[in-house]
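Step one of this worksheet: look at the structure below.
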Amino acid sequence: MADNIVWHNHKIIRAERASTKNQKPCLLWFTGLSGSGKSTIANALDVTLHSRGYHTFLLDGDNVRHGLCKDLGFSDEDRVENIRRIGEVSKLFADAGLIVLSAFISPFTSDRRMVRNLFPAGEFIEVFMDTPMETCEGRDPKGLYQKARSGEIKHFTGIDSPYEVPEQPEIRLDTSIMSVDQCTDRLISFLAERGLIS
Ligand code: ADP
(Lines give C-alpha, C1' and ligand atoms only; values in the text may rest on other atoms or scores of the structure.)
Protein backbone atom coordinates (compact mmCIF):
# COMPACT_ATOMS: atom_id res chain seq x y z
CA MET A 1 0.00 0.00 0.00
CA ALA A 2 1.26 3.53 -0.76
CA ASP A 3 2.45 5.72 2.13
CA ASN A 4 0.59 8.78 3.40
CA ILE A 5 -2.87 7.38 2.75
CA VAL A 6 -5.29 8.01 5.58
CA TRP A 7 -8.73 6.40 5.92
CA HIS A 8 -11.56 8.98 5.98
CA ASN A 9 -14.47 8.16 8.25
CA HIS A 10 -17.68 8.94 6.38
CA LYS A 11 -20.49 10.87 8.06
CA ILE A 12 -23.16 8.45 6.85
CA ILE A 13 -22.37 4.98 8.11
CA ARG A 14 -23.11 1.64 6.55
CA ALA A 15 -26.16 0.84 8.67
CA GLU A 16 -27.75 4.18 7.79
CA ARG A 17 -27.38 3.51 4.06
CA ALA A 18 -29.05 0.12 4.45
CA SER A 19 -31.80 1.39 6.73
CA THR A 20 -33.05 3.91 4.14
CA LYS A 21 -33.68 0.87 1.97
CA ASN A 22 -35.36 -1.06 4.80
CA GLN A 23 -33.07 -4.01 4.25
CA LYS A 24 -29.97 -5.63 5.65
CA PRO A 25 -26.88 -5.92 3.50
CA CYS A 26 -25.21 -9.25 2.83
CA LEU A 27 -23.17 -11.09 0.24
CA LEU A 28 -24.27 -14.40 -1.24
CA TRP A 29 -21.12 -15.91 -2.70
CA PHE A 30 -21.86 -18.61 -5.29
CA THR A 31 -18.89 -20.94 -5.82
CA GLY A 32 -18.61 -24.09 -7.91
CA LEU A 33 -17.46 -25.61 -11.15
CA SER A 34 -18.24 -24.09 -14.52
CA GLY A 35 -21.74 -25.24 -15.48
CA SER A 36 -22.73 -26.01 -11.87
CA GLY A 37 -25.50 -23.38 -12.06
CA LYS A 38 -23.99 -20.37 -10.28
CA SER A 39 -25.18 -17.77 -12.82
CA THR A 40 -28.54 -19.41 -13.39
CA ILE A 41 -29.40 -19.62 -9.68
CA ALA A 42 -27.92 -16.22 -8.80
CA ASN A 43 -30.00 -14.67 -11.60
CA ALA A 44 -33.16 -16.47 -10.49
CA LEU A 45 -32.66 -15.32 -6.90
CA ASP A 46 -31.91 -11.79 -8.12
CA VAL A 47 -35.23 -11.72 -10.02
CA THR A 48 -37.17 -12.98 -6.97
CA LEU A 49 -35.56 -10.51 -4.56
CA HIS A 50 -35.96 -7.63 -7.01
CA SER A 51 -39.64 -8.44 -7.54
CA ARG A 52 -40.12 -8.33 -3.77
CA GLY A 53 -38.68 -4.83 -3.70
CA TYR A 54 -35.18 -5.58 -2.41
CA HIS A 55 -32.26 -3.59 -3.81
CA THR A 56 -29.76 -6.13 -5.12
CA PHE A 57 -26.70 -6.27 -7.31
CA LEU A 58 -25.37 -9.23 -9.25
CA LEU A 59 -21.68 -9.62 -10.02
CA ASP A 60 -20.89 -12.34 -12.49
CA GLY A 61 -17.63 -13.98 -13.60
CA ASP A 62 -17.70 -13.36 -17.33
CA ASN A 63 -19.07 -9.84 -16.98
CA VAL A 64 -16.37 -8.50 -14.67
CA ARG A 65 -13.75 -9.98 -16.96
CA HIS A 66 -15.00 -7.58 -19.65
CA GLY A 67 -14.18 -4.54 -17.52
CA LEU A 68 -12.84 -4.41 -13.98
CA CYS A 69 -10.72 -7.55 -14.43
CA LYS A 70 -10.08 -7.52 -18.16
CA ASP A 71 -6.33 -7.34 -17.58
CA LEU A 72 -6.39 -10.68 -15.71
CA GLY A 73 -6.04 -14.22 -17.05
CA PHE A 74 -6.54 -17.62 -15.44
CA SER A 75 -3.15 -18.27 -13.85
CA ASP A 76 -3.29 -18.99 -10.10
CA GLU A 77 -1.91 -15.49 -9.42
CA ASP A 78 -4.48 -13.77 -11.64
CA ARG A 79 -7.34 -15.81 -10.16
CA VAL A 80 -6.34 -14.61 -6.68
CA GLU A 81 -6.29 -10.98 -7.83
CA ASN A 82 -9.60 -11.45 -9.66
CA ILE A 83 -11.31 -12.64 -6.47
CA ARG A 84 -9.63 -9.96 -4.35
CA ARG A 85 -11.04 -7.21 -6.58
CA ILE A 86 -14.49 -8.79 -6.71
CA GLY A 87 -14.47 -9.21 -2.93
CA GLU A 88 -13.65 -5.53 -2.46
CA VAL A 89 -16.31 -4.44 -4.96
CA SER A 90 -18.87 -6.72 -3.29
CA LYS A 91 -18.00 -5.08 0.01
CA LEU A 92 -18.52 -1.60 -1.43
CA PHE A 93 -21.96 -2.58 -2.71
CA ALA A 94 -22.84 -4.10 0.66
CA ASP A 95 -21.58 -0.92 2.35
CA ALA A 96 -24.01 0.94 0.09
CA GLY A 97 -26.80 -1.18 1.65
CA LEU A 98 -27.36 -3.72 -1.10
CA ILE A 99 -27.90 -7.47 -1.08
CA VAL A 100 -25.03 -8.62 -3.29
CA LEU A 101 -24.96 -11.81 -5.31
CA SER A 102 -21.56 -12.82 -6.65
CA ALA A 103 -21.14 -15.81 -8.95
CA PHE A 104 -17.55 -16.89 -9.47
CA ILE A 105 -15.90 -20.29 -9.69
CA SER A 106 -13.50 -19.10 -6.95
CA PRO A 107 -11.72 -22.46 -6.71
CA PHE A 108 -9.39 -21.67 -3.81
CA THR A 109 -10.41 -21.90 -0.16
CA SER A 110 -7.96 -19.17 0.83
CA ASP A 111 -9.52 -16.67 -1.60
CA ARG A 112 -13.04 -17.39 -0.39
CA ARG A 113 -11.83 -16.97 3.19
CA MET A 114 -10.24 -13.64 2.23
CA VAL A 115 -13.62 -12.37 1.01
CA ARG A 116 -15.45 -13.83 4.04
CA ASN A 117 -13.06 -11.91 6.30
CA LEU A 118 -14.03 -8.62 4.65
CA PHE A 119 -17.57 -9.01 6.05
CA PRO A 120 -19.09 -8.85 9.53
CA ALA A 121 -20.09 -12.25 10.93
CA GLY A 122 -23.26 -13.59 9.35
CA GLU A 123 -23.18 -11.32 6.32
CA PHE A 124 -21.08 -13.59 4.11
CA ILE A 125 -23.12 -16.53 2.86
CA GLU A 126 -21.15 -19.13 0.97
CA VAL A 127 -23.37 -20.97 -1.51
CA PHE A 128 -21.60 -24.07 -2.75
CA MET A 129 -22.99 -25.32 -6.06
CA ASP A 130 -22.33 -28.96 -5.33
CA THR A 131 -23.31 -30.24 -8.76
CA PRO A 132 -21.36 -33.34 -9.84
CA MET A 133 -18.58 -32.77 -12.36
CA GLU A 134 -20.20 -35.22 -14.84
CA THR A 135 -23.37 -33.12 -14.87
CA CYS A 136 -21.42 -29.87 -15.34
CA GLU A 137 -19.35 -31.36 -18.14
CA GLY A 138 -22.42 -32.97 -19.72
CA ARG A 139 -24.16 -29.57 -19.79
CA ASP A 140 -21.09 -27.69 -21.03
CA PRO A 141 -23.25 -24.60 -21.72
CA LYS A 142 -20.37 -22.63 -23.20
CA GLY A 143 -18.47 -25.50 -24.82
CA LEU A 144 -15.56 -24.85 -22.47
CA TYR A 145 -15.12 -28.41 -21.13
CA GLN A 146 -14.77 -29.69 -24.69
CA LYS A 147 -12.10 -27.07 -25.37
CA ALA A 148 -10.32 -27.86 -22.10
CA ARG A 149 -10.36 -31.61 -22.85
CA SER A 150 -8.84 -30.99 -26.27
CA GLY A 151 -6.16 -28.77 -24.72
CA GLU A 152 -7.45 -25.63 -26.44
CA ILE A 153 -8.00 -24.00 -23.01
CA LYS A 154 -5.40 -24.38 -20.26
CA HIS A 155 -5.88 -24.04 -16.49
CA PHE A 156 -9.53 -25.04 -16.66
CA THR A 157 -11.01 -25.70 -13.21
CA GLY A 158 -11.85 -29.37 -12.74
CA ILE A 159 -9.69 -30.47 -15.68
CA ASP A 160 -6.14 -29.18 -15.27
CA SER A 161 -6.67 -26.68 -12.45
CA PRO A 162 -7.94 -27.67 -8.99
CA TYR A 163 -11.25 -26.87 -7.29
CA GLU A 164 -11.01 -26.88 -3.50
CA VAL A 165 -14.38 -27.99 -2.15
CA PRO A 166 -15.83 -25.71 0.59
CA GLU A 167 -15.79 -27.50 3.93
CA GLN A 168 -18.46 -25.52 5.74
CA PRO A 169 -20.55 -23.60 3.25
CA GLU A 170 -23.69 -21.96 4.63
CA ILE A 171 -25.70 -23.56 1.81
CA ARG A 172 -25.10 -26.49 -0.52
CA LEU A 173 -27.13 -26.86 -3.74
CA ASP A 174 -26.90 -29.72 -6.21
CA THR A 175 -28.60 -28.65 -9.43
CA SER A 176 -28.49 -32.20 -10.81
CA ILE A 177 -31.29 -33.06 -8.37
CA MET A 178 -32.79 -29.64 -7.51
CA SER A 179 -34.74 -27.46 -9.93
CA VAL A 180 -34.05 -23.74 -10.29
CA ASP A 181 -37.21 -22.99 -8.27
CA GLN A 182 -36.21 -25.39 -5.48
CA CYS A 183 -32.77 -23.76 -5.25
CA THR A 184 -34.28 -20.28 -5.18
CA ASP A 185 -36.81 -21.27 -2.49
CA ARG A 186 -34.01 -22.73 -0.38
CA LEU A 187 -32.04 -19.47 -0.60
CA ILE A 188 -35.07 -17.32 0.16
CA SER A 189 -35.86 -19.47 3.24
CA PHE A 190 -32.28 -19.19 4.43
CA LEU A 191 -32.29 -15.39 4.11
CA ALA A 192 -35.59 -15.22 5.98
CA GLU A 193 -34.37 -17.56 8.77
CA ARG A 194 -31.31 -15.37 9.22
CA GLY A 195 -33.51 -12.28 9.41
CA LEU A 196 -31.84 -10.78 6.35
CA ILE A 197 -35.17 -10.47 4.54
CA SER A 198 -38.70 -10.55 5.93
P1 ADP B 1 -22.09 -21.51 -14.01
O2 ADP B 1 -22.47 -20.07 -13.80
O3 ADP B 1 -21.87 -22.26 -12.73
O4 ADP B 1 -20.99 -21.71 -15.01
P5 ADP B 1 -24.51 -21.65 -15.55
O6 ADP B 1 -25.61 -21.17 -14.68
O7 ADP B 1 -23.92 -20.68 -16.54
O8 ADP B 1 -23.36 -22.25 -14.63
O9 ADP B 1 -24.94 -22.93 -16.38
C10 ADP B 1 -25.73 -23.95 -15.83
C11 ADP B 1 -26.48 -24.62 -17.01
O12 ADP B 1 -27.25 -25.70 -16.50
C13 ADP B 1 -27.43 -23.66 -17.68
O14 ADP B 1 -27.40 -23.90 -19.06
C15 ADP B 1 -28.79 -24.05 -17.08
O16 ADP B 1 -29.85 -23.78 -17.94
C17 ADP B 1 -28.60 -25.56 -16.89
N18 ADP B 1 -29.43 -26.14 -15.82
C19 ADP B 1 -30.21 -27.23 -15.94
N20 ADP B 1 -30.83 -27.52 -14.77
C21 ADP B 1 -30.45 -26.59 -13.88
C22 ADP B 1 -30.77 -26.35 -12.51
N23 ADP B 1 -31.59 -27.14 -11.81
N24 ADP B 1 -30.17 -25.29 -11.91
C25 ADP B 1 -29.32 -24.50 -12.58
N26 ADP B 1 -28.98 -24.67 -13.88
C27 ADP B 1 -29.54 -25.71 -14.54
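Descriptive notes on the structure:
- Segment 61-88, residues that are of a type in the set (S, T, N, Q) and under 14 Å from the mean Cα position of the chain (by Cα): Asn63, Asn82
- Lone unmet requirement of (1) within 9 Å of the ligand (Cβ to nearest atom); (2) surrounded by fewer than 17 Cβ atoms within 10 Å (Cβ to Cβ) for Cys183: (2)
- Residue list for segment 103-128, restricted to those being more than 14 Å from Pro166 (Cβ to Cβ) and open to solvent by less than 10 Å² (accessible area, probe 1.4 Å): Ala103
- The criterion of at least 2 residues that are acidic (Asp, Glu) and farther than 28 Å from Lys21 by Cα is met, among helices (runs of 4 or more DSSP H) falling completely within segment 36-138, by 76-95.
- The residue that is least open to solvent (accessible area, probe 1.4 Å), counting only those in segment 17-68 that are near the ligand (Cβ under 8 Å from one of its atoms) and of a type in the set (Ser, Thr, Tyr), is Ser36.
- Contact map, segment 35-51: residues that are within 29 Å of Gln146 (Cβ to Cβ) paired with residues that are open to solvent by 30 Å² or more (accessible area, probe 1.4 Å) and within 6 Å of the ligand (Cβ to nearest atom), Cβ distance under 8 Å, separation 6+ or inter-chain. Pairs shown: Gly35/Arg139; Gly35/Pro141; Gly37/Val180; Thr40/Val180; Ile41/Val180; Ala44/Val180.
The values are calculated or read from the model by the stated rules, or taken from the named source; none is laboratory data. The model shown is predicted, which means the values in this text are computed figures rather than measured ones. Methodologically, a virtual Cβ is constructed for each residue, glycine included, from the backbone with ideal geometry; neighbour enumeration extends over all protein chains shown. The accessibility values were calculated without ligands, DNA or RNA, using every heavy atom of the protein model including side chains. Shrake-Rupley method; radii C 1.70, N 1.55, O 1.52, S 1.80 Å.
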